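Presented below is the structure to which this report refers.
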Amino acid sequence: MSACAPAGDRVEINFLRARCEIEGKGRDCRILDLNSQRVFVDSFVPAVTGTTVTLRFRLPNGHQVCTSGLVTDHKFRVGFSVNFIDLSTHDREQIDNLNG
């Protein structure tokens, strides 16, 4: 199964459901803050700073995003921040359209 398989219909009000993969292990997570440069992922046991993650999620408009990012900050019992590494131009535009 590819790292960017469909995330399914996981959109919920006030946050987005996402699939987070770290070192080949995947888990479901929640995105609480999203812009076209970075994302904050709610997680009781967060990925540590410096870790590369793959995130896939569906925006409220139905657009599927699959991208890699670098964890830039983490806090136990809270979550972690991720700066996007390879977000496509189209994905970036779709995210900007949500926030704009």
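The values are calculated or read from the model by the stated rules, or taken from the named source; none is laboratory data. Everything quoted here is computed from the prediction, not taken from an experiment. Ideal geometry is used to build each Cβ from the backbone, glycine not excepted, and the neighbour counts take in all protein chains shown.
Data for the structure
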{"read-out": "Verdict on residue 33 being more than 14 Å from residue 20 (Cα to Cα), free of Cβ contacts under 8 Å to residues at least 24 places away in the same chain and assigned to a strand (DSSP E or B)", "value": "yes"}
{"read-out": "Residue in region 57-69 that is nearest to residue 85 (Cα to Cα), counting only those that are in contact (Cβ under 8 Å) with a residue 40 or more places away in the chain and assigned to a strand (DSSP E or B)", "value": "66"}
{"read-out": "Residues of region 35-56 satisfying the condition of being within 8 Å of the chain's Cα centre (by Cα) and under 16 Å from residue 83 (Cβ atoms)", "value": "39, 40, 41, 54, 55"}
{"read-out": "Single residue of region 7-24 satisfying the filter (surrounded by fewer than 16 Cβ atoms within 10 Å (Cβ to Cβ) and acidic (Asp, Glu)) that is modelled with the highest pLDDT", "value": "23"}
{"read-out": "Selected residue (only one of 27, 92 is modelled with pLDDT of 95 or more and surrounded by fewer than 17 Cβ atoms within 10 Å (Cβ to Cβ))", "value": "92"}
{"read-out": "Hits in region 70-100 - residues which are under 15 Å from residue 15 (Cβ atoms) and touching a residue at least 60 places away in the same chain (Cβ under 8 Å)", "value": "95, 98, 99"}
